[in-house]
1. Can you go through Thr265, Thr164 and tell me which one is open to solvent by 30 Å² or more (accessible area, probe 1.4 Å), within 26 Å of Asp149 (Cα to Cα), of a type in the set (Val, Ile, Thr) and in contact (Cβ under 8 Å) with a residue 12 or more places away in the chain?
2. Residue by residue through the stretch 371-394, note down the ones that are under 21 Å from Ala353 (Cβ atoms) and at pLDDT 90 or above.
3. For the subset of the stretch 289-311 comprising residues that are touching a helix residue (DSSP H, G or I) at 6+ places or on another chain (Cβ under 6 Å) and part of a loop (DSSP other than H, G, I, E, B), which member is modelled with the lowest pLDDT?
4. Quick one: in the stretch 92-112, which of the residues that are touching a residue at least 24 places away in the same chain (Cβ under 8 Å) and of a type in the set (D, E, K, R) is surrounded by the most Cβ atoms within 10 Å (Cβ to Cβ)?
5. Please work out if Ala157 is closer than 22 Å to Glu235 by Cβ and open to solvent by less than 60 Å² (accessible area, probe 1.4 Å).
6. Quick one: count up the residues across the stretch 327-360 that are modelled with pLDDT of 85 or more and over 21 Å from Asp26 (Cβ atoms).
7. So if I check each of Ala85, Ala74, Ala89, which one is buried (at least 24 other Cβ atoms within 10 Å of the Cβ) and farther than 23 Å from Thr265 by Cβ?
8. Can you tell me which residue in the stretch 312-326 is farthest from Pro269 (Cα to Cα), limited to those that are surrounded by 13 or more Cβ atoms within 10 Å (Cβ to Cβ) and at pLDDT below 75?
Amino acid sequence: MSDQLIIFDTTLRDGEQSPGASMTKDEKLRIARQLERLRVDVIEAGFAASSNGDFDAVKTIADHIKDSTVCSLARANDRDIGRAAEALAGARRGRIHTFIATSPLHMEKKLRMTPDQVFEQARLAVRFARNLCGDIEFSPEDGYRSDPDFLCRVLEAVIAEGATTINIPDTVGYAIPELYGNFIKTLRERIPNSDQAIWSVHCHNDLGMAVANSLAGVKIGGARQVECTINGLGERAGNSSLEEVVMAVRTRRDYFGLEVGIDTTQIVPASRMVSQTTGFVVQPNKAVVGANAFAHASGIHQDGVLKARDTYEIMRAEDVGWSANKIVLGKLSGRNAFKQRLQELGVEMASEAEVNAAFARFKDLADRKSEIFDEDIIALVGDESVTSEQEHFRLVALSQRSETGERPHAKVTFFAGAKEVTAEADGNGPVDASLKAIEAHVQSGAEMLLYSVNAITSGSTESQGEVTFRLQHGGRVVNGVGSDPDIVVASAKAYLAALNKLQGNVERTSAQW
């Protein structure tokens with residue numbers, strides 16, 4: 001078997017299925033470019049047949065990404081597969097990833113199909129896909145809970161039809177590491193043509209074992225592709241975490257004996273970008289990318305690290321992209337220095353006009369905040385990232401009054417389409433008053449599911465606040481993220497950003513593993 005482990009990132013497809021994590025086409029392209037800098041082998045860009053928006057996103061990514069394989073998901077039918085092939089037409093390297101459920105529960109209750117019908121549809125779907133694309137991945141949805149005899153029959157047939165990668169999803173996070181690893185090993189041993197395909201694992205984290213199951217599938221089962229997401233993003237409890245899988249294989253090369261092509265110094269920038277784009281905050285004690293991942297509070301630990309880092313650190317912080325020199329720019333910094341720092345952070349701007357606009361926002365922030373950190377720069381670029389579609393709502397100005405013993409009052413001016421409107425309201429606090437002022441005009445009727453405030457950088461009351469709103473309306477759940485040194489302003493920005501996503505008719509995919 002190969003000693004190279006393929007990293008298949010599905011942040012833009014499976015990760016986006018987290019409620020509220022839907023992304024615009026431009027946000028997806030920005031993350032895809034960061035995944036390319038990370039040297040991810042395969043980027044699953046979306047589900048082209050699910051909506052016109054997702055088709056455009058897959059097509060745009062396929063047209064721009066050159067160093068990674070670009071993949072589109074497709075159900076096992078001609079329409080989905082044809083749509084995927086069309087979206088991938090401009091890709092230097094494209095892959096169609098087709099799937100159908102194979103567990104008795106899914107076949108009976110969801111598909112309402114017999115095993116023979118599922119077998120035939122899987123076989124014909126791969127045959128059709130193989131005529132459109134040379135790189136075909138097949139996934140039996142809920143594969144881990146499928147009957148092994150039936151699964152062997154299906155997988156042998158799809159390999160014979162031209163499937164080049166076979167993925168075994170643990171769709172509901174039911175697996176246990178040793179059992180999952182042996183399950184894949186048994187399949188590979190029983191299927192006569194198993195050596196004609198690369199075997200892959202795709203695990204969910206419902207029992208907190210997605211990474212452990214994935215690694216067992218690699219070590220015990222012989223899989224050579226792991227499907228994962230940045231920060232473990234994904235619906236329910238999430239997917240297998242890319243950063244944990246990669247650093248486990250790299251740190252314990254003595255055990256796994258495998259190589260990964262990932263540029264690990266791009267892990268933290270990728271984590272920050274995904275977090276700030278989706279509004280899903282990374283917990284401080286998250287492995288590898290959490291704020292405390294390389295922090296030492298115990299005096300004994302601190303003393304040991306000062307004497308020899310490897311006493312308590314099995315990885316170096318700088319190897320995964322943490323920077324020791326965080327203070328980078330200030331109000332006296334010029335445009336060239338700012339542009340250079342954007343390049344060092346992996347932030348690409350489409351034009352000089354965008355660089356100039358970003359620099360203007362930077363100077364405005366520098367006038368209000370004495371020290372500018374990398375996180376601040378990433379936040380201001382992400383907060384004001386240019387999209388192909390004009391924002392319907394945009395904050396112009398906000399003033400608020402809050403005194404002890406008096407009811408807070410806010411006055412908000414914002415654009416609603418081409419019209420500038422001003423609204424005022426009282427509230428229980430300045431944030432509440434600001435949002436009520438906005439709603440007095442918008443009247444969205446959205447239900448607030450989450451309001452979260454986090455400091456972008458630590459150690460100072462000058463730190464920018466990053467606010468996330470999660471709203472629900474008409475069965476849709478969206479996130480809005482905004483940042484500003486003033487938490488009230490950041491809250492208004494985030495709320496308007498969420499309303500923009502509700503305003504946009506974004507369709508979501510229902511496919512899942």
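The values are calculated or read from the model by the stated rules, or taken from the named source; none is laboratory data. Everything numeric here is computed off the predicted structure, so don't read it as measured data. Virtual Cβ from ideal backbone geometry, glycine too; neighbours counted across all protein chains shown. For accessibility, only protein heavy atoms count, side chains too; no ligands or nucleic acids. Shrake-Rupley method; radii C 1.70, N 1.55, O 1.52, S 1.80 Å.
1. Values: Thr265 fails: within 26 Å of Asp149 (Cα to Cα).
Just a single option satisfies the conditions, and that option is Thr164.
2. We begin by selecting, within the stretch 371-394, every residue under 21 Å from Ala353 (Cβ atoms); these are 377-391, 394.
Matches in the stretch 371-394: Arg394 only.
3. His296
4. Start the filter on the stretch 92-112 by keeping residues that are touching a residue at least 24 places away in the same chain (Cβ under 8 Å), which leaves 92-106.
From what's left, of a type in the set (D, E, K, R): 92-93, 95.
Details: Arg92: 12, Arg93: 17, Arg95: 24.
In this case the residue turns out to be Arg95.
5. Details: closer than 22 Å to Glu235 by Cβ: no; open to solvent by less than 60 Å² (accessible area, probe 1.4 Å): yes.
No, not satisfied.
6. So the answer is 0.
7. Numbers: Ala85 fails: buried (at least 24 other Cβ atoms within 10 Å of the Cβ); Ala89 fails: buried (at least 24 other Cβ atoms within 10 Å of the Cβ).
So the residue among Ala85, Ala74, Ala89 that is buried (at least 24 other Cβ atoms within 10 Å of the Cβ) and farther than 23 Å from Thr265 by Cβ is Ala74.
8. We begin by selecting, within the stretch 312-326, every residue surrounded by 13 or more Cβ atoms within 10 Å (Cβ to Cβ); these are 312-313, 315, 317-323, 326.
From what is left, the residues that are at pLDDT below 75 are 312-313, 323, 326.
On the way: Tyr312: 24, Glu313: 21, Ser323: 10, Lys326: 13 Å.
The extreme case among them is Tyr312.
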